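This report concerns only the one structure given below.
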Amino acid sequence: MSVKVAINGYGTIGKRVADAVRRQPDMTLVGVAKRRPNYEALHAAHLGYPIFIAGDGKKADFDAAGLRTAGTSRDMIALADVVVDASPDKTGRENAALYQAAKVKAIFQGGEKADVAEVSFNALANYSRAKGKERVRVVSCNTTGLARAAAVLTPRWGIESWEATIVRRAADPAETGRGPINGIVPVFTLPSHHGPDVKTIFPDLSIRTAAVVVPTTLMHVHVNRVRLRRPPRDKDEVIDVFRQTPRFHVFEAWEGVDGTPQVMEYARDRGVGRNDMMENALWANGIELVERDVFFFQAIHQESIVVPENIDAIRAMFDLAPDGPSSIAMTDKALKIEGASLP
Ligand code: NAD
């Protein structure tokens, strides 16, 4: 079976999910919906993606740009088994009525509130809960990073409490209108919304988060202190578990990866996706164990970390793989991120 996938909203996330769908052996991309013609639409045309007109977009604008369109997003939705909605925050909820009317399954992103869908999703944490569902929400980039780490630590040692500071990137690289460009801006919602969002996946997890925004576009960084219920043997046991888990990449001290610039330079050297880092990036020398407290830094590439999760969500909704690990393995092989941490 090949599931027919449509992408509504072709920006930072949508264009990456489209590329990822195209690489999967059990999925077919039926088209992408774009609101306005721009350089991204031109590239979609070069890639051969059928372009449909999203939202209040106008055919005349696409015609004037010389970009051929295949209809409106409604036409695209009619061709699909599932729509991945990657429209701006809160627009997904407005689009939900279109999907319901067409009786197609839909995936929403983290910019929507949890009740837009039947389940909030992360492949390592709760793959099976999305099986057969009609509406699934792939949680945000920061929540995905935290949920993956919770999925590693919880079953092995139990988590008594978790405090995380989210050092947030100010903007995505193409967002010229956002800031700050010189300053560190605290987010005056304490605790921040990220902790409650992780609890949409791990309802019993005791996690509190705070956030500051910093002038970078490269990645987010989480500073974590997790008090475990049972002590690991030593910190090497913790490091090894992260090393051996898919969707984690542990940089060794000798690699000279000082911070997010080198993580993204590694991603550019590797050339996965659009030079993306779809795994949680950890540093072996940035993991410490003090009694039952694990301290670790992790860097999150906001533009791409949710991409494999969208693919696994599709597979779960159509029951295309026996379980989460099998789907993750298929996705990561197709995207060329399998076992990237191990030499
Ligand atoms: P984006 O602004 O880069 O892209 C959104 C695209 O949707 C744009 O091309 C826009 O023109 C188009 N659009 C506007 N109105 C539309 C409509 N009515 N129907 C269809 N398309 C429409 O946004 P993004 O960063 O890709 O974010 C998309 C979703 O993914 C949001 O929910 C966001 O919270 C979530 N997300 C973003 C990031 C990130 O860091 N960029 C990370 C994880 C999750």
Using packing as a proxy for protection, rank 225-235, 69-79 so that the peptide with the highest average count of other Cβ atoms within 10 Å comes first.
69-79, 225-235
Note down the net charge around Arg168, summing +1 for each Lys or Arg and -1 for each Asp or Glu among other residues with Cβ under 14 Å from its Cβ.
-2
For Ala64 paired with Ser2, estimate the spin-label separation in nm (one decimal), with each label point 7 Å from Cα along the Cα-to-Cβ line.
3.7 nm
Spread of Cα-to-Cα distances over 10 Å intervals beginning at zero, given as percent, for the range 141-300:
10, 39, 36, 14, 1
Would you work out if the range 125-172 is rounded, prolate or oblate? Take a ≥ b ≥ c from the square roots of the eigenvalues of the alpha-carbon gyration tensor; rounded if a/c is under 1.5, else prolate when a/b is larger than b/c, oblate otherwise.
oblate
Run the simple label-point estimate for Lys103 and Thr72 please: 7 Å along Cα→C-beta, distance reported in nm.
2.1 nm
Per residue accessible area in Å² of the chain, where ligands, DNA and RNA are left out and the probe is 1.4 Å
44 Å²
Once the other residues with Cβ under 14 Å from the Cβ of Lys113 are scored (Lys, Arg +1; Asp, Glu -1), what is the net sum?
-2
DSSP beta bridges in the chain: the antiparallel percent, rounded to 5, is 40 percent
Report the Cα centroid-to-centroid distance between the range 196-215 and the range 231-255 in angstrom, as an integer.
22 Å
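Could you check how many percent of all C-alpha pairs in the range 186-264 are farther apart than 18 Å?
Numbers: 1893 of 3081 pairs.
The calculated P(r) of the range 186-264 puts 61 percent of pairs beyond 18 Å.
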Hey, if you drop one equal point scatterer on each alpha-carbon of the range 72-197 and run the Debye formula without solvent, what base-10 log of I(q)/I(0) do you get at q = 0.12, 0.13, 0.21 Å⁻¹?
-0.59, -0.68, -1.24
What is the local net charge at Ile77, summed over the other residues whose Cβ is closer than 13 Å to its Cβ (Lys, Arg +1; Asp, Glu -1)?
+1
Rounded, prolate or oblate: which fits the chain, taking a ≥ b ≥ c as square roots of the Cα gyration tensor eigenvalues, rounded meaning a/c under 1.5, else prolate when a/b beats b/c?
prolate
Relative contact order (%) - criterion: Cα under 8 Å, at least six apart; region: the chain
17 percent
Restricting to lysines and to Cα separations under 22 Å from Lys58, and discarding same-chain partners fewer than 8 apart, the set is Lys15, Lys34, Lys90
The range 1-52: percent of C-alpha pairs farther apart than 16 Å?
31 percent
With r defined as the distance between the Cβ atoms of Val212 and Val241 and R0 fixed at 30 Å, what FRET efficiency is calculated, to the nearest 0.05?
0.55
Using the basic label-point model (7 angstrom from Cα toward the beta carbon), what is the Phe188 to Arg274 distance in nanometres?
3.4 nm
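By its C-alpha gyration tensor, with a ≥ b ≥ c as the square roots of the eigenvalues, how is the range 257-328 shaped: rounded for a/c under 1.5, else prolate for a/b larger than b/c, else oblate? Each step should come with its number before you reach the end.
Values: a/c = 3.22, a/b = 1.38, b/c = 2.34.
Oblate shape, in that a/c is at least 1.5 and b/c is the bigger or equal ratio.
The values are calculated or read from the model by the stated rules, or taken from the named source; none is laboratory data. Bear in mind that the values here come from a model prediction, so they are computed numbers and not experimental data. So basically every Cβ, Gly included, is an ideal-geometry build from the backbone, and we count neighbours across all protein chains shown. Keep in mind that these areas ignore ligands, DNA and RNA; they rest on the heavy atoms of the full protein, side chains included. Shrake-Rupley method; radii C 1.70, N 1.55, O 1.52, S 1.80 Å.
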